[in-house]
Amino acid sequence: MISGIFRFTLAQRALCHHLPRQRYMNISVSNVPGPPVPLYLAGAPLLEVYPVVPITGNMTLGIGVLSYNGQFNLTAVADRDGCPDVEVFAEGARRALDELTRSFPVLPEEDGLIHVQARHARTAPGKHNRPAPTSR
């Protein structure tokens, strides 16, 4: 009979062995609330924070959402072969967030309330966009 710490080690090994072959899910979504106040490092303000979502095994799409200092940042990481149309998801998310942003009233700047501002990060221009090789 296996007991104590060994049963957890056995479970971890089983998980690592079967995770790349699992068939129950192919997308991962993570929503993490970040700090509502600005952070600083050596006196310099941290301007933006974006989540990093690793995809492993046969996961095809990872979505991370992170709030920080009044911002709402979304990241989509996709397997190029398993999810070649990730831009369709990204465009749908942009439209939905823009529609949500438009549903809020525009507030005057001097009232001290939180203002809604839609900004989009740069995206890769094509689904098969690969970095250019560097010369040595």
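The values are calculated or read from the model by the stated rules, or taken from the named source; none is laboratory data. All figures in this text were calculated on a predicted structure; none of them were measured in a lab. Note that we place each Cβ from the backbone using ideal geometry, even for glycine, and neighbour counts take in every protein chain shown.
Structure above, values below:
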read-out	value
Lone unmet requirement of (1) over 18 Å from T101 (Cβ atoms); (2) surrounded by 13 or more Cβ atoms within 10 Å (Cβ to Cβ); (3) of a type in the set (A, V, I, L, M) for A44	(2)
Condition met for L100 (over 18 Å from the mean Cα position of the chain (by Cα) and either in a helix (DSSP H, G or I) or modelled with pLDDT of 90 or more (or both))	yes
The stretch 23-41 - residue that is within 22 Å of E87 (Cα to Cα) and surrounded by 15 or more Cβ atoms within 10 Å (Cβ to Cβ) and, of those, modelled with the lowest pLDDT	N26
All positions within the stretch 29-61 that are within 16 Å of L74 (Cβ to Cβ) and either in a strand (DSSP E or B) or charged (D, E, K, R) (or both)	V29, S30, N31, V32, E48, L61
Residues of the stretch 51-64 that turn out to be at pLDDT 90 or above and more than 17 Å from E87 (Cα to Cα), as a count	1
Test result for G126, at pLDDT below 90, closer than 29 Å to R23 by Cα, over 14 Å from the mean Cα position of the chain (by Cα) and surrounded by 11 or more Cβ atoms within 10 Å (Cβ to Cβ)	no
